[in-house]
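Working notes, structure below.
Coordinate-derived values only; no laboratory data. Every value quoted in this text rests on a predicted model; they were computed, and no experiment measured them. Backbone-built Cβ (ideal geometry, glycine too); neighbour counts: all protein chains shown.
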Amino acid sequence: MRQTGERDQFGVHTPMYYHAAYEIFSPTNQVALFLAEYEERPLAGVMVFALGKTAAYLYGASSNEERQRMPTYAVQWAAMEWAKAQGCHWYDLWGVPDAPQDELEANFTQRHDGLWGVYRFKRGFGGQIQRTIGATDHVYNKIVYKLYQWRRGKRN
């Protein structure tokens, strides 16, 4: 995950975080892991969550090796098939650059900074962009949250 975060310029959580997310949702079959391997080496993996009629691809990683084999497309396709079998009608790939649609279309082949490479990958699946209010933090304990922000700032 760290390799993908560095390559595509986004933050990653600790392995404990991903393990906890899986453990919380697995008893109700609301999460699935998909892994693409070549010659017994992992090349790409995703963790997908399903709730109601929507499945969301929240976490994924890929190796820099064997990228020409397109393992990221294989795991996404498997995840989409799983989501459909779960009764989902929507598959949310999450996150694209925060730009108007015409700018996305005009720049997706030239830009490589930030989420532009990720957008190019996601765009390959077709679909449509649905803009929402976005992710937010709901703070229950201001002191703990300030410590969390401080610690997170130290890591990044």
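Here are the numbers for the structure shown:
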{"item": "Most fluctuating residue given options Val96, Val75, Val144, as computed from a GNM of the chain linking Cα atoms under 10 Å", "result": "Val144"}
{"item": "Close Lys-Lys pairs in region 2-155, where close means Cα under 30 Å and separation is 8 or more or interchain", "result": "5"}
{"item": "Potential extension, His13-Glu37 segment - 0.36 nm per residue separation minus Cα distance", "result": "6.4 nm"}
{"item": "Stretch in the chain that is longest and holds no trypsin sites (Lys or Arg not before Pro) that DSSP places in a loop and that have at most 12 other beta carbons within 10 Å", "result": "54-130"}
{"item": "Spin-label zone in region 32-65 - amide nitrogen under 15 Å from a point set 7 Å from the Cα of His89 along the C-beta vector", "result": "51-55"}
{"item": "Sites Trp150 and Ala21, calculated FRET efficiency, Cβ-Cβ separation with R0 25 Å, nearest 0.05", "result": "0.65"}
{"item": "Whole-Hz couplings from phi, Karplus 6.51/-1.76/1.60, listed for region 86-96; x for Gly and Pro", "result": "7, x, 6, 9, 10, 10, 9, 7, 6, x, 9"}
{"item": "Estimated [θ] at 222 nm from DSSP helical runs (n ≥ 4, -39500 (n - 2.57)) normalised by residues in the chain, nearest 500", "result": "-12000 deg cm²/dmol"}
{"item": "Placed amide H near Ser63: partners under 5 Å, 5+ positions off or other chain", "result": "Ala44"}
{"item": "Shape category assigned to region 28-138 from the gyration tensor of Cα positions, a/c cut at 1.5", "result": "oblate"}
{"item": "Nonlocal amide H pairs with Leu58, under 5 Å, H built at 1.01 Å", "result": "Met47, Phe49"}
